[in-house]
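Notes to accompany the following structure.
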Ligand SMILES: Cc1ncc(COP(=O)(O)O)c(C=O)c1O
């Protein structure tokens, strides 16, 4: 593969020394702004300082005294020329521990501190770990009156993170190292403050989890792809087919009435679950993919004109890219992508710059299925609305994990799949505000969606029927309703807390394994981890884990642009749900460690 950084800014030669105030303010702006849209960590350019002021850090608890500190990652002369240049997006080469050890300056020792934090097992930390951790998230590790002292350390650590501070033994620096997650968002943690998920009881609800695969208990860690089904959902499908099955809305008989009632009850359950005002705002579809195609083909044809713009984040699943590309081609609209920083977080400043008078639609996944990043969708929706654009939220990766309130957050469209939330495959829903549905033309024609048909003219039914041509998937809609009730009974705040715990635990376990590199270290994440192993293809890792009874996804996760952003084509992706346990995470970590041969 060629060097994708050819022509990009390069690391500064040693000795380039901008003035200190400039450097500090740059570091602060960089830390709030994140890396540049071109994918170059902002910290790489302008040149980094070679010297930091001795007074900058003050006396740091943990025993490190103030010293003359060449700033890391200024490049000492001992570092070979070929290690000075970026090798792929998000990666720069910096001296490894051996080289650092050979440079006997306090700066090199200091530099190993955060690296030791990011890569346990690296050279001994000379900086108290708590200090670095706290500084990295901008919290003063000392008394309030010492706050200014730590500003320097905070800026320093953040700058290191932005420039990629995770040193590997080979001397290649990976993406910015994992850092402490922010705690659950305030509202969620308040709601989850009492009680906890009874995971053992939850596991008993899922018959499929009782089986063994290759002689090992099944550890289903492929929940971002699909979730398993609780007995109540399986029973509901069986009950429907055994006692209620009929076509709906048409027959003048008892079973038609029963089936219609069950189907419309499910629509009401979806309404409640997403916080819509009226059940008529919910249209059943096959899943997220069909839902987005519906919006693209109806909204797109009604409102897109040549030169209009559709903004999509780089993190989108192909389901939220390809339908827009198709309608863009048909209408002459253009697609523009919203970039992310090296942690996989949306660059809000760039997003604001992209919004404009031509923006008609913004399509955002609530959470990335490849990296786990949770997008600030409420804030992004408000910004889009200021420019008169409509917003579609792809809820596939959050519907089973985070509460949603489409009215409070004023989404125009919200789409999800039933199978991601313990419901059947082949069913999902699209929410849109009533006034918006009313403006949209039908996209598929047939029975169930008309008021009057003649060979001269057809008049269409009101929404939602206008968008549900043909016999709907009645049984699976009923199953979806039961699945959503199941989630409601468990409580999304408790679910979110349980999965957050697994995410933190798994992150910690995996990042300790030499040769494992985590991709996507956003501060707000759902329970999705992406990782790579030195010298192993993700597909091979997936197959190896399967032999140990552990199901994970390995590949591009139908989100190629998001991986390409990091110079990658595939990762290994474990993803968590309500029935997963720390035990299963331990098994995953043990299997990965086994594969490293250490
Ligand atoms: C974020 C996201 N969007 C859309 C989809 C597509 O969902 P479906 O295949 O159920 O239509 C997925 C599936 O993985 C997803 O993760």
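The values are calculated or read from the model by the stated rules, or taken from the named source; none is laboratory data. Quick caveat, the model's predicted, so the values are computed rather than measured. Here the Cβ positions follow ideal geometry from the backbone for every residue, glycine too, while neighbour counts run over all protein chains shown.
Do we find that residue 256 is touching a residue at least 24 places away in the same chain (Cβ under 8 Å) and in a helix (DSSP H, G or I) in this structure? Write out each step before concluding.
On the way: touching a residue at least 24 places away in the same chain (Cβ under 8 Å): no; in a helix (DSSP H, G or I): yes.
So residue 256 does not fit the description; no.
Name the residues in the stretch 383-414 that are within 12 Å of the ligand (Cβ to nearest atom) and under 17 Å from residue 355 (Cα atoms), would you?
392, 393 - these are the residues of the stretch 383-414 that are within 12 Å of the ligand (Cβ to nearest atom) and under 17 Å from residue 355 (Cα atoms).
Tell me, which residue of the stretch 357-368 that is in contact (Cβ under 8 Å) with a residue 60 or more places away in the chain and in contact with a strand residue (DSSP E or B) (Cβ under 7 Å, 6 or more places away or on another chain) is nearest to the ligand (Cβ to nearest atom)?
To start, the set of residues in the stretch 357-368 that are in contact (Cβ under 8 Å) with a residue 60 or more places away in the chain comprises 361, 363, 367-368.
Subsequent filtering for residues that are in contact with a strand residue (DSSP E or B) (Cβ under 7 Å, 6 or more places away or on another chain) retains 361, 363, 367.
Numbers: 361: 16, 363: 10, 367: 7 Å.
Per the criteria, the residue is 367.
Of all residues in the stretch 308-327, how many are outside any strand (DSSP E or B) and in contact with a helix residue (DSSP H, G or I) (Cβ under 8 Å, 6 or more places away or on another chain)?
Residues meeting the conditions: 13.
Please work out which one of (1) surrounded by fewer than 16 Cβ atoms within 10 Å (Cβ to Cβ); (2) away from the ligand (no atom under 16 Å from the Cβ) is the condition residue 309 fails and give its number.
(1) is the only condition that residue 309 fails.
Looking at the stretch 214-244, which of the residues that are away from the ligand (no atom under 16 Å from the Cβ) and outside any helix (DSSP H, G or I) is farthest from residue 544 (Cα to Cα)?
Going through the qualifying residues, I end up with 230.
Considering only the stretch 415-442, state which residues are within 12 Å of the ligand (Cβ to nearest atom) and part of a strand (DSSP E or B).
415, 416, 417, 428, 429, 430
Scan the stretch 283-299 for residues that are touching a residue at least 40 places away in the same chain (Cβ under 8 Å), assigned to a helix (DSSP H, G or I) and more than 11 Å from the ligand (Cβ to nearest atom) and jot them down.
Within the stretch 283-299, 294, 295, 297, 298, 299 qualify.
Is it fair to say residue 263 is touching a residue at least 24 places away in the same chain (Cβ under 8 Å) and either assigned to a strand (DSSP E or B) or surrounded by fewer than 14 Cβ atoms within 10 Å (Cβ to Cβ) (or both)?
Values: touching a residue at least 24 places away in the same chain (Cβ under 8 Å): yes; either assigned to a strand (DSSP E or B) or surrounded by fewer than 14 Cβ atoms within 10 Å (Cβ to Cβ) (or both): no.
No; evaluated as a whole, the condition is false for this residue.
How many of the residues in the stretch 303-347 are within 16 Å of the chain's Cα centre (by Cα) and without any contact (Cβ under 8 Å) to a residue 60 or more places away in the chain?
Summing the residues that are within 16 Å of the chain's Cα centre (by Cα) and without any contact (Cβ under 8 Å) to a residue 60 or more places away in the chain in the stretch 303-347 gives 3.
Given the criterion within 17 Å of the chain's Cα centre (by Cα) and assigned to a loop (DSSP other than H, G, I, E, B), identify the matching residue among 397, 410.
397
Tell me yes or no: at least one residue of the stretch 250-267 is at pLDDT 95 or above, within 16 Å of the ligand (Cβ to nearest atom) and under 28 Å from the mean Cα position of the chain (by Cα).
Within the stretch 250-267, not a single residue is at pLDDT 95 or above, within 16 Å of the ligand (Cβ to nearest atom) and under 28 Å from the mean Cα position of the chain (by Cα).
Would you confirm, using the coordinates I've provided, whether residue 275 is at positive phi, at pLDDT 95 or above and more than 14 Å from the ligand (Cβ to nearest atom)?
yes
Does residue 508 meet the test of being touching a residue at least 12 places away in the same chain (Cβ under 8 Å) and not in a loop (DSSP other than H, G, I, E, B)? It would help to see each step written out before you state the result.
Details: touching a residue at least 12 places away in the same chain (Cβ under 8 Å): no; not in a loop (DSSP other than H, G, I, E, B): yes.
Considered against the rule, which asks whether it is touching a residue at least 12 places away in the same chain (Cβ under 8 Å) and not in a loop (DSSP other than H, G, I, E, B), residue 508 comes out as no.
Could you list, in sequence order, all residues of the stretch 369-382 that are more than 10 Å from the ligand (Cβ to nearest atom) and part of a loop (DSSP other than H, G, I, E, B)?
Quick first cut of the stretch 369-382, residues more than 10 Å from the ligand (Cβ to nearest atom) only: 371-382.
Residues satisfying the conditions are 371, 372, 375, 376.
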